[in-house]
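Engineer: This is the structure, below, for whatever I ask next.
No value in this document is a laboratory result; all are computed from the given coordinates. Note that this is a predicted model, so its numbers are computed, not measured. Cβ sites come from the backbone with ideal geometry, for glycine too, and all protein chains shown count toward neighbours.
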Amino acid sequence: MPDARPIAVQVTVTVTALIYTEPEAGGFSAEVPALPGCYTEGETLDEVRDNLKEAAEAWLAAAYDHATGTPRKEGAA
């Protein structure tokens, strides 16, 4: 196989999330079933949506780091 070099490719991915109301605690909790262990919460729907995006990005970055054995630098997406 020829010498291969990794390159960064930015893609947009759409995943389905499940959002649950939390009547006792207030607000919402959410999970992304396609990303095991990807959970978050928020006081409003807007907040939980923002948190879901951040959680999914962090999950995917961690999966990449695990697969490649190369941790990302602080602040890198």
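Engineer: Gly27 is checked against (1) surrounded by 10 or more Cβ atoms within 10 Å (Cβ to Cβ); (2) on the phi < 0 side of the Ramachandran plot and fails just one. What number does that condition carry?
Structural biologist: (2)
Engineer: Filter segment 1-53 down to the residues that are among the aliphatic types (A, V, I, L, M) and touching a strand residue (DSSP E or B) at 6+ places or on another chain (Cβ under 7 Å), then identify the one that is farthest from Ala63 (Cα to Cα).
Structural biologist: Among those that are among the aliphatic types (A, V, I, L, M) and touching a strand residue (DSSP E or B) at 6+ places or on another chain (Cβ under 7 Å), it is Leu45.
Engineer: Quick one: in segment 39-59, of everything that is closer than 30 Å to Arg5 by Cα and buried (at least 16 other Cβ atoms within 10 Å of the Cβ), which residue is nearest to the chain's Cα centre (by Cα)?
Structural biologist: In this case the residue turns out to be Ala56.
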